[in-house]
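The structure under discussion appears below in the form of structure tokens.
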Amino acid sequence: MKRLTYFSTVLATLLTSLSVTATADDKVLNLYSARHYATDEALYNNFTQKTGIQIKRLEMSDQALLERLASEGARSPADVVLLVDAARLSKAEEQGLFQPIQSELLTQNIPTQYQGNKGMWFGFSSRNRVILYNKDRVDPKLVSNYEDLAKPALKGQVCTRSGSHPYMLSLMSALIAHHGEAKAQQWAEGMVANMARDPKGGDTDQIRAVASGECGVALSNSYYWVRLLRSDKPEDKAVVEKVGYIWPNQDSYGTHVNISGGAVAANAPNQAGAIQFLEYLVSPEAQKYFANGNNEFPVVQGVKTGNAELESLGSFKEDKTPIKTLADNTNLSQKIMDRANYK
Ligand SMILES: [Fe+2]
């Protein structure tokens, strides 16, 4: 069975390398993407219309994408790499999978906190880690900060996805940055002590469990909530009825932010086209497509998404900790989660 899986992997790699061959053709751009939103199609078509550059897209999970880039090495046909989560971007940078680029357009339009070192990667949309609570069971005043979730008052009420998931590790990295390692660990231990159930499922599952009353309060990325807000399904409308939304830590350092971002691959055959594509991503129309596809926030100031539900969340104070600091803390975050037995 193992052998079979191995051969099918080799076959798949061969087939894809036949269709995506390394080429110096400047009218073709090879895009490796961990994004998979239907609206991204419009984003790519629009770029092709403007530039005449065809996009050949390969979509995979973040993990598979990074492994593939590493195994292809210098022969990789990849020009642009799109990933979700700063820690993954940072890891890819460390592994030498990206090349530094110089672009005033990018450095000036993207807030510095969303940029990697020396133009190694850039964030193009942002997502926030927010608190959702059951309106019948929990007083919102008790859960206005991440720190509140670990207090004894919330015993038996807290639900989250796995502590090893990048979204939880990224939040932990922010807590380390604000409070130091010892207090961050106390937080993780307090969270574990307060769990309504062992961590399981994705963020939407936590929100549903809050609505059903199995959990009193949960953490989720903002776009999962907006997705529910935009849903026409009666079961989603029922969830939205029961649940309240909080931007955490508005009276202190602000709500935790992560990004979806991109970079130029280390061995990009079409380096100029790759930079052109990243620069296209900061144009207002591309920002609208890129962010809106997943109900995220554009990183460029003043871009209107036209997404009423997203806009309805209002303005809020964001944690300004540089994304690269969060990425640098990731290994320690995992250690703390393990020590706290955060499953
Ligand atoms: Fe997600």
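Where a number appears in this text, it was derived from the coordinates with a stated rule and is not lab data. Remember, it's a predicted structure, so these values are computed and weren't measured experimentally. When we count neighbours, we look across all protein chains shown, and the Cβ atoms used for this are built from the backbone with ideal geometry, even at glycine.
Dividing the alpha-carbon Rg of the range 152-198 by 2.2 N^0.38 Å yields what?
Ratio of Rg to 2.2 N^0.38 Å for the range 152-198: 1.13.
Whole-Hz Karplus ³J(HN,Hα) for the range 101-110, in order, using 6.51 cos²θ - 1.76 cosθ + 1.60 and θ = phi - 60°, x for Gly and Pro?
Those phi angles translate into 10, 10, 8, 5, 4, 6, 5, 7, 8, 9 Hz.
Take the Cα pairs of the chain, get the Kirkwood Rh, then feed it into Stokes-Einstein at 37 °C and 0.692 mPa s and tell me D in µm²/s.
Rounded, D is 156 µm²/s.
Helix-derived [θ] at 222 nm for the chain: sum -39500 (n - 2.57) over DSSP H runs of at least 4, divide by residue count, nearest 500?
-13000 deg cm²/dmol
I need the peptides 35-46, 116-127 ranked by packing, meaning the mean over residues of other C-beta atoms within 10 angstrom, with the highest value on top.
Highest mean packing first, the order is 116-127, 35-46.
Tell me which residues come under 5 Å, amide H to amide H, from Lys343 once H is placed; ignore anything under 5 positions away on its chain.
Gly163
Kirkwood Rh over Cα pairs of the range 92-195 into Stokes-Einstein at 10 °C, 1.306 mPa s: D in µm²/s?
Answer, rounded: 97 µm²/s.
Whole-Å semi-axes of the range 22-115's equivalent ellipsoid, largest first, each the root of 5 times a Cα gyration tensor eigenvalue?
20, 18, 15
Would you order Asp251, Asp236, Asp203 from fewest to most other beta-carbon atoms within 10 Å of each residue's own beta-carbon?
Asp251, Asp236, Asp203
If packing is taken as the average number of other Cβ atoms within 10 Å across a peptide's residues, how do 154-165, 69-80, 300-311 rank, most packed first?
154-165, 69-80, 300-311
Can you give me the distance in nm between label points at Ala153 and Thr107, each placed 7 Å from the Cα along the Cα-to-Cβ direction?
Reported label-point gap for Ala153 and Thr107 is 4.7 nm.
Amide H neighbours of Val28 under 5 Å, counting only residues 5+ apart in sequence or on other chains, H built in-plane at 1.01 Å?
Here Gln54 satisfy the definition.
With the cut-off at 26 Å, report for the range 196-343 the share of all Cα pairs above it, as a whole percent.
Everything past 26 Å amounts to 41 percent.
Please list, in chain and number order, the residues 5+ apart from Thr160 or on another chain whose amide H is under 5 Å from its amide H, with Hs placed from the backbone.
Amide H to amide H, under 5 Å and 5 or more residues apart or across chains, Thr160 pairs with Lys200.
Along the charge dipole of the range 273-343, pointing to its positive end and built from +1/-1 on Cβ of Lys, Arg, Asp and Glu, which listed residue (Gly293, Phe316, Gln276) has its Cα farthest out?
Highest projection toward the positive end goes to Phe316.
Using Cα centres only, tell me the gap between the range 24-98 and the range 151-209 in whole Å.
Computed from Cα coordinates, the inter-centre distance equals 32 Å.
Out of Asn117, Gly96, Leu83, whose Cα points farthest toward the positive end of the dipole of the range 76-129 (charges: +1 Lys, Arg; -1 Asp, Glu; placed on Cβ)?
Leu83
Assuming 0.692 mPa s and 37 °C, estimate D for the range 233-316 with Stokes-Einstein, Rh taken as the Kirkwood radius over Cα pairs, in µm²/s.
209
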